[in-house]
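Remarks on the structure that follows.
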Amino acid sequence: MAPQPTTYFHSVELQRKKCQGCVSCVKLCPTEAIRVRNGKAEILGDRCIDCGACAAGCPYHAFNVKTDTLDGLADYAYNIVLPAPSLYAQFPDNIPLESIWQGLHNIGFDEIFDVSLASEYIALEIEEYVKKNSNGRKPLISSTCPAVMRLIQVKFPELIKQVVPVLPPVEAAAIYVKREAAARKQLPKELIGVWFISPCPSKETNIRQSVDVHHTELTGSFSLSEIYGLLLKNLGGTHELNVRTGSSYGMAWGTYGGEIESAGITNGLAIHGIDNVYDLLEQVSMNKMPQLDYVECSACKGGCLGGLLAAENKFVAECNLRRRIAGLREQEPADRREAMARTMVLENFPHSEAYRKKLVARPMMQLDDDIMEAMKKFERMEEVLCSLPGLDCGACGAPSCQGLAEDIVQGKAHEIDCIFKLRASVHKLSQGMLELAKQIPIYHEPAEINKTEADNDEG
């Protein structure tokens, strides 16, 4: 088993100056990766999955997502961009794909490879794997969304065996296009930049520290909203472009449920939104859905179209893409496989088995490196937890009472961080002070001395 990294790259960053310590992000995080200490949020790197829930829900916009800038194109002799259906969904269907591709060329990319085509090859791998494993534990789980894969690593490691071991389409596309372009252009791979236009932070993180591929061929990624803004000024052109693209079934991967449809799975379920995915995985973990063959999971509400880095409203984008898909389908054979076969003409497209990295659990709560000390801390944590109110209100800066108990035994928090414990302590202290006050004798001056002093004052 490959060792897990001790430090983790994250594309989601906190801007401390903007943070108001409101604890909204603490309650939103599905992996309890955020604490508020001393009035500011702190991200626990070993737990963060870069789903972007904190950034999406922060009322003060205190979170930032790191992506690459177009200045990076200058570092390579030849640059290839991989647009996905999520990019096309930002535009009405009356804007042709050719116009968008021309715009990408105008921005500075030398070649365009449509990720929807790679999606079709991956769809057939999924279809084959589901059929071969029809007698195993169900449902099988989609591996397309990196944030969901990290969620499984951190919170549901028992489900790793149910994850379908295929590459995300963008990774497969990058492997193919870099190899093919290097041979065609007679350039070393190091001089070829392969770039993704990302709708979410988890895909940017996956390029820097992958959970699903041994060695990514992606150079970096750009924010979808940033590229969209540039495209609005650069649509159209007369350059001769040879863009390889997929059918309507590959294009459908941009919508939730499209992966299931393109893989020909009739007994599947599509779930989107990190809270819904968490809820689903809990049920799958308890083996409550064995009758289901496959679940397609996306951390973003609305699938990739609702990604944090998308420009257009997710409902508008969904409408745009579905209309585009319908237009393609009118020109295709009715049979799914026949329609996909028309576009799947690439030679030696990579198969996932040779490149896919085994998904492994990510250790999360390690109280101490020494096992005996860890056991003592665990016992202490249970004692502290029993003394807490169990309301999981989040006012202490931890997402739950258990989270606070863990922080306390780790020396990162105090019991009086709990407002109920603090109130009880203050009440106990005030009662003690009252009792002490009753026991302290009060000195009274004799009356005659007071009278003499008063007479002297009058004289």
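Restricting attention to the range 382-419, and to residues there that are under 29 Å from the mean Cα position of the chain (by Cα) and among the aliphatic types (A, V, I, L, M), which single residue is nearest to Cys22 (Cα to Cα)? Once the filter is applied, the top-ranked residue is Ala395.
In the range 57-95, the qualifying residues are those that are surrounded by fewer than 17 Cβ atoms within 10 Å (Cβ to Cβ) and in contact with a Leu (Cβ under 6 Å, 6 or more places away or on another chain), and the one that is farthest from Thr219 (Cα to Cα) is Gly57.
Can you pull out every residue in the range 370-413 that is basic (Lys, Arg) and closer than 17 Å to Arg47 by Cβ?
Selection gives Lys412 alone.
Scanning the range 96-109 for residues that are outside any helix (DSSP H, G or I), surrounded by fewer than 17 Cβ atoms within 10 Å (Cβ to Cβ) and either in contact (Cβ under 8 Å) with a residue 12 or more places away in the chain or within 28 Å of the chain's Cα centre (by Cα) (or both) yields one hit, Gly108. Here Ile112 meets the list (1) β-branched (Val, Ile, Thr); (2) part of a loop (DSSP other than H, G, I, E, B); (3) more than 26 Å from Phe315 (Cβ to Cβ) almost entirely, failing just condition (2).
Quick one: in the range 394-415, which of the residues that are without any contact (Cβ under 8 Å) to a residue 24 or more places away in the chain and crowded, with 21+ Cβ neighbours inside 10 Å is nearest to Arg37 (Cα to Cα)? Taking the candidates together, the pick is Cys396. Elements of the type helices (runs of 4 or more DSSP H) sitting completely within the range 1-95 and holding at least 3 residues that are assigned by TED's automatic domain parsing to the domain that holds Tyr176: these cover 85-88. Scanning the range 246-301 for residues that are assigned to a loop (DSSP other than H, G, I, E, B) and touching a His at 6+ places or on another chain (Cβ under 7 Å) yields Tyr256, Cys300, Lys301. Restricting attention to the range 185-224, the residues being of a type outside the set (Asp, Glu), surrounded by 18 or more Cβ atoms within 10 Å (Cβ to Cβ) and assigned to a helix (DSSP H, G or I) number 7.
The values are calculated or read from the model by the stated rules, or taken from the named source; none is laboratory data. Fair warning: this is a prediction, and the values are worked out from it, not measured in the lab. Glycine gets a Cβ as well: all are built from the backbone with ideal geometry, and neighbour counts include every protein chain shown.
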